[in-house]
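The values are calculated or read from the model by the stated rules, or taken from the named source; none is laboratory data. It should be emphasised that the depicted structure is a prediction, and the values quoted were computed from it without experimental measurement. We place every Cβ from the backbone using ideal geometry, glycine too, and count neighbours over all the protein chains shown. Surface areas here come from the heavy atoms of the whole protein model, side chains and all, with no ligands, DNA or RNA. Shrake-Rupley method; radii C 1.70, N 1.55, O 1.52, S 1.80 Å.
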Amino acid sequence: MAITMELEESTSDSKLHKESVSKKELRPLSAVSYSRSDHGPETTSSIEQLKQYKSWVSNERWNELKKIADSAMKERKVFMIKGGGFPAVRRALLKRGWIEKYESHKVRHPPANIDPKKVTDKELTKVERMILYKFMEHHSVDFLWTSKRDKYDWLLSNKEVIISRFSRSIFTTKEGLTTSLTQMHWYTEPGIALTNFPRCYNIHNSDNLEEFIEDFRITACISIVKWFCSSVHTNKETEFITNQGKVPFSAIEFAISRINEYVTFCNHKDIDDVEDQVPHIWEHEWDLFLTHHYLLVHEKAKFVDDNNVNIRQLEKKASKVLAAVAKFWPQIDIDGFLNIWIVKPGNKCRGKGIQLMNNIKDIIGLINIPAQKNRYVVQKYIENPLVIYNTKFDIRQWFLITNCQPLTIWMYKDSYLRFSSQIFSLSNYHESVHLTNNAVQTKYKNTGDRDKALPDENMWDCHSFKAYLRQIGKYELWDTKIYPGIKQSLIGAMLACQEAMDKRQNSFELYGADFMLTEDFTPWLIEINSSPDLAPTTSVTARLCPQCLEDVIKVVLDRRHNLDADTGTFELAYKQIIPKALAYLGLSLCINGKRLLKKQKERKHEHRSVTTLALRTISGDTIEDPLQPVPPEYNGPIITDFLTWLNPYDTLPTNKDGILLGPKDSLMDSRKTRKKSRI
């Protein structure tokens with residue numbers, strides 16, 4: 001049987017190997033859960049390599065290295081960093097007594113024609129590392145830090161191995177986050193989980209595309225009405241009305257009618273409307289209206305002078321409809337006047353392929369390009385962002401998930417701001433103005449028109465931002481609104497995505513979330529990134545990134561053995577409490593109450609002191625008989641006939657005092673009779 005199992009395991013292993021070769025993937029043989037017993041004794045090539053390494057070190061040092069390797073394997077302190085980099089993680093683990101095991105393809109053999117006595121300390125250190133690798137070659141790593149989601153790490157590794165990635169994190173893609181947050185309203189809890197997320201659509205899906213088209217049109221209606229009210233309040237009539245105008249006032253009437261229809265729909269007042277009473281809006285009518293909207297808000301066109309239109313009454317009507325729709329349009333403040341949408345490829349990062357658009361035909365035409373491989377998402381652009389010295393910025397916030405069931409979220413209290421290199425403008429759609437990703441901004445030089453108070457590296461840490469808030473008299477907003485809002489947004493988003501998360505217990509992952517602030521200092525979640533950039537590209541990240549990685553190790557390893565251990569700058573933001581399910585004790589049916597009997601009718605020539613047996617009927621008036629004994633409480637299934645059989649006194653005639661009128665021997669006869677009837 002043992003031989004058969006070994007053959008089956010080897011067969012399945014070879015199948016995995018063929019699949020990896022066919023897909024041009026490298027199996028991480030040095031990271032999988034193999035032991036020496038699985039492979040038998042060391043091969044001849046390994047022994048020869050060990051002999052070659054041994055000539056480079058003394059016997060004492062050789063024995064020391066052997067002792068170090070054995071101790072690390074015994075104490076389960078062997079780690080591997082796949083893909084290179086992350087020196088802060090390596091330093092943190094080595095400081096805690098862990099031993100690094102290199103990937104197999106990084107192993108280098110010592111040169112053959114060099115005298116070991118003349119080698120440098122650096123070369124000797126490399127040799128000692130290779131010797132340690134050879135000692136641990138067939139030992140599974142206990143801690144794996146990886147930047148890729150290699151399926152073999154989860155397929156072949158031991159479940160006790162600590163891995164720095166989850167096998168599934170769909171919310172790290174724009175498409176996955178959009179799909180997950182459609183269920184966000186079920187997890188909203190004021191003060192704990194409340195996510196502000198600009199409405200977003202996966203437009204490759206036909207249903208979502210229809211929803212987006214409807215949203216785009218209603219947004220245009222609300223935008224043009226807001227623009228009209230603002231123009232009436234701030235400008236003279238002669239500034240937006242001329243005889244040579246291009247847009248009739250019917251465009252405002254059209255928008256008001258469509259908004260009223262939307263409010264009626266949201267109030268469910270359209271249920272009883274007959275189809276003939278609901279006006280049908282044709283496609284060419286929408287096209288004409290969207291053209292008028294574009295002319296007014298983008299090209300600064302003017303209205304045609306019309307003496308039949310009362311501007312003040314139309315403005316009051318528009319203000320009234322805006323107040324009515326605000327209840328059902330919670331993102332009315334971020335919409336602005338221009339109806340700008342940001343189009344993103346669903347599977348790309350670092351700002352690649354992102355465009356700003358305001359024409360629905362251009363957006364639909366983008367996804368209808370022949371042989372189109374990208375799947376786009378469309379997100380409403382925040383038209384009223386908070387700007388610092390007329391420059392747009394966003395906030396990069398790190399957070400750590402150490403468990404998905406129960407959900408455990410750690411927030412990093414130090415975040416940083418990323419600035420654009422250009423002055424903010426809603427009339428210029430270039431990426432250097434609107435995309436604050438460091439990968440995008442490094443391609444452009446800072447414009448000379450920027451304020452000198454802005455950093456040349458286009459980054460601030462949160463402490464510099466707090467100093468700016470103090471300068472403008474808003475210092476308290478970071479602790480009372482901005483940071484709590486970021487925390488609540490991430491908790492709400494993770495709760496909405498929890499069902500699709502990986503439930504592996506010994507996995508953790510560090511994520512980077514991007515937030516925008518609106519003019520009222522409200523944080524809005526834009527996207528969540530896996531493998532956030534932790535390279536020291538600026539003086540800000542050179543200080544924060546190593547510190548963050550060191551603190552990750554504190555949370556993941558130190559706190560595992562000591563709940564009171566220092567967690568650095570991480571704070572426990574949320575730990576889900578899952579109530580324990582009650583133990584299943586089987587069926588326990590019970591009926592509580594008193595027995596009801598049919599009301600007795602007095603018969604002529606019948607002695608009134610005799611109580612006859614009440615017949616069970618389905619219908620008829622029933623009354624409670626106080627003379628009948630109440631059966632004791634029973635915790636199992638109750639069968640009335642069975643209880644009657646247990647208590648035969650109920651079937652015998654008694655007088656008004658409850659004394660039996662028949663002989664006691666009739667009890668046995670009654671039981672025998674009932675037993676025969678059952679048989």
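Determine the sum of side-chain charges near THR182: Lys and Arg each +1, Asp and Glu each -1, restricted to other residues whose C-beta is under 13 angstrom from that of THR182. Provide the component values of the computation, followed by the final result.
Working: positive: ARG199; negative: GLU175, ASP207, GLU211, GLU499.
Here the charged neighbours net out to -3.
So if R0 is 25 Å, what FRET efficiency would ASN374 and THR291 give, r being the distance between their Cβ atoms, rounded to the nearest 0.05?
0.30
Figure the gain on full extension for TYR444 and ILE213 (residue separation times 0.36 nm, minus the Cα-Cα span) and round it to one decimal in nm.
Net length gain for the segment: 79.7 nm.
Run the numbers for GLN183 and SER464: contour at 0.36 nm per residue of separation, minus the present Cα-Cα distance, in nm.
97.6 nm
What does the charge count around ILE472 come to, taking other residues whose C-beta lies under 13 Å from its C-beta (Lys +1, Arg +1, Asp -1, Glu -1)?
+1
Taking a virtual spin label 7 Å from the Cα of LYS580 along the C-beta vector, which residues in the stretch 371-414 bring their backbone nitrogen under 17 Å of it?
Flagged as within label range: 406.
Mind checking the per residue accessible area of the stretch 173-248 for me, 1.4 Å probe, whole number of Å²?
49 Å²
Over the Cα atoms of the stretch 174-228, what radius of gyration and what Dmax do you get, in Å?
Here Rg and the maximum Cα pair distance are 14.0, 39 Å.
If you stretched the chain out fully between LYS352 and ILE332, how much longer would it get, using 0.36 nm times the residue separation minus the C-alpha to C-alpha distance?
Fully extending the segment from LYS352 to ILE332 adds 4.4 nm.
May I ask you to derive the FRET efficiency for ILE170 and GLU64 from their Cβ-Cβ distance with R0 = 45 Å, giving the value to the nearest 0.05?
0.40
List, in the order given, every pair from LYS82/LYS159; LYS82/LYS126; LYS226/LYS474; LYS327/LYS380; LYS82/LYS413 whose Cα-Cα distance in the structure shown is over 26 Å.
LYS226/LYS474; LYS82/LYS413, as the Cα separations exceed 26 Å there.
So, with a 1.4 angstrom probe, what is the percent of accessible area on the stretch 396-523 that is carbon and sulfur?
On the way: 2200 of 4740 Å².
C and S atoms contribute 46 percent here.
What percentage of the solvent-accessible surface of the stretch 292-337, computed with a 1.4 Å probe over protein heavy atoms, is contributed by carbon and sulfur atoms?
On the way: 1310 of 2680 Å².
Taking all protein chains in place, the stretch 292-337 shows 49 percent carbon and sulfur surface.
Zone of GLU519 (label point 7 Å along Cα→Cβ, backbone N under 19 Å): which residues in the stretch 410-429?
423-428
Counting Lys +1, Arg +1, Asp -1, Glu -1, what net charge surrounds GLU383 among other residues with beta carbon under 13 Å of its beta carbon?
Residues near GLU383 contribute 0 overall.
In vacuum, with every alpha carbon of the stretch 313-358 counted as one equal point scatterer, what does the Debye formula give for log10 I(q)/I(0) at q = 0.13, 0.28 Å⁻¹? Two decimals, please.
For the requested q values the scattering log ratios are -0.50, -1.00.
Find the relative contact order for the stretch 367-463 and round it to a whole percent, using C-alpha pairs within less than 8 Å whose residues are 6+ positions apart.
25 percent
What FRET efficiency would be calculated for the residue pair SER427, TYR102, taking the C-beta separation as r and a Förster radius of 56 Å, to the nearest 0.05?
Between SER427 and TYR102 the formula returns 0.55.
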